[in-house]
């Protein structure tokens, strides 16, 4: 599975209707692989809906979110790059290297 490239800032999964059933697209599967095998979990936000991960290759932070609140379970996952200032604000933590 492909790791996150330096120019990526968003990986947005989708559900696709195929052969009479709803399936995860390639980006959903990639997000699952990244959070299970590559990214390091750091924290949850106060609501419990957002999870913060860090890429050990470039130390960038990534937020796992579910943007479709009308769908079951919040819809398909997205991984979004989050700058250091937002890490401090949203997660009430300092970046790990400080």
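Can you name the residue in the range 67-83 that is modelled with pLDDT of 90 or more and surrounded by 14 or more Cβ atoms within 10 Å (Cβ to Cβ) and, of all such residues, is farthest from residue 25 (Cα to Cα)?
Ranking the qualifying residues of the range 67-83, first place goes to 82.
Which residues, taken from the range 7-34, are touching a residue at least 40 places away in the same chain (Cβ under 8 Å) and under 26 Å from residue 93 (Cα atoms)?
Across the range 7-34, the qualifying residues are 8, 9, 10, 11, 12, 31, 32, 34.
Return the total of residues in the range 10-27 being exposed (fewer than 12 other Cβ atoms within 10 Å of the Cβ) and modelled with pLDDT of 95 or more.
Of the residues in the range 10-27, 1 are exposed (fewer than 12 other Cβ atoms within 10 Å of the Cβ) and modelled with pLDDT of 95 or more.
So if I check each of 41, 62, which one is surrounded by 13 or more Cβ atoms within 10 Å (Cβ to Cβ), within 15 Å of residue 82 (Cα to Cα) and modelled with pLDDT of 95 or more?
Only one candidate qualifies: 62.
Go through (1) in a loop (DSSP other than H, G, I, E, B); (2) surrounded by 13 or more Cβ atoms within 10 Å (Cβ to Cβ) for residue 2 and report which single condition fails.
Among (1) in a loop (DSSP other than H, G, I, E, B); (2) surrounded by 13 or more Cβ atoms within 10 Å (Cβ to Cβ), the lone unmet condition for residue 2 is (2).
The values are calculated or read from the model by the stated rules, or taken from the named source; none is laboratory data. Owing to the predicted nature of the structure, the values given are computational and were not obtained by experimental measurement. Using ideal geometry, Cβ is built from the backbone for each residue, glycine included, and neighbour counts are taken over all protein chains shown.
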